[in-house]
Every structure is written in structure tokens, then in C-alpha cells.
1. Looking at the structure I just gave you, is M32 assigned to a helix (DSSP H, G or I), modelled with pLDDT of 90 or more, open to solvent by 100 Å² or more (accessible area, probe 1.4 Å) and not aromatic (F, W, Y)?
2. Collect the residues in region 46-98 that are among the aliphatic types (A, V, I, L, M) and either at pLDDT 95 or above or assigned to a helix (DSSP H, G or I) (or both), keeping them in residue-number order.
3. What about T15, is it assigned to a helix (DSSP H, G or I), at pLDDT 95 or above and surrounded by 10 or more Cβ atoms within 10 Å (Cβ to Cβ)?
Amino acid sequence: MMCEVMPTISEDTLTQRGSQNGAEDANFEQLMVNMLDERDKLMETLRETQETLSLTQEKMQEVAHERDLLQRQLNSALPQLTCSYSIYGKQHTEGRTF
């Protein structure tokens, strides 16, 4: 009578664990690669956003300066108004501008 020898449970379990660990290692490595790729994309987006913010702030300063210049030109071009009023029949004039 011939008897077929089967591997012991412990050997069989170690083989399965080894293949599971290999698969888990591959999954972990892929997860790390994906996370690094995502980090790189986020860093690039951050850099672009910071650059856009800087350019926008520069433009805002230029526009504010231009607004101030135009306001001064407008103030100097408008005629100066004098306010006069009467109290009890007497004319009073003040040099206020509006």
C-alpha cells in the first residue's frame, strides 16, 4: 500500500503567507508611488497658484496707483466750488470746496 505524503499544515501556511506578503508588499509599493505622484501634482498646483497670486497682487498695486493718479487729475481738473449762504440778509462766503 502506497501512501502519499502531504505537506504539513505549517509548511503550507508559510508558503501562503509568503505569497500574501509579496502581494501586500507590491500593493504597498504601488500605494507609495501613487501618493508621491499625487504629492508632486499638488506641489505643482501650489507653485502655480502662488505665482498667480503674486502676479495678481502686483497688478492690484499698479491699478491702485493708477486710480490715485486719476483721482488727483480729476480733482485738479474740476472747478473749485465756493459755498455762499445768507444769514439775516447778510451774504457770507466760505472757501470750502466740494
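1. On the way: assigned to a helix (DSSP H, G or I): yes; modelled with pLDDT of 90 or more: yes; open to solvent by 100 Å² or more (accessible area, probe 1.4 Å): no; not aromatic (F, W, Y): yes.
Against the criterion (assigned to a helix (DSSP H, G or I), modelled with pLDDT of 90 or more, open to solvent by 100 Å² or more (accessible area, probe 1.4 Å) and not aromatic (F, W, Y)), M32 does not qualify.
2. Of all residues in region 46-98, those among the aliphatic types (A, V, I, L, M) come to 46, 53, 55, 60, 63-64, 69-70, 74, 77-78, 81, 87.
Hits for region 46-98 are L46, L53, L55, M60, V63, A64, L69, L70, L74, A77.
3. Here the answer is no, as T15 does not meet what is asked.
The values are calculated or read from the model by the stated rules, or taken from the named source; none is laboratory data. Note that this is a predicted model, so its numbers are computed, not measured. Neighbour counts are summed over all protein chains in view; Cβ atoms, including those assigned to glycine, are modelled from backbone coordinates with ideal geometry. Just so you know, the surface numbers come from the protein's heavy atoms only, side chains and all, with ligands and any DNA or RNA stripped out. Shrake-Rupley method; radii C 1.70, N 1.55, O 1.52, S 1.80 Å.
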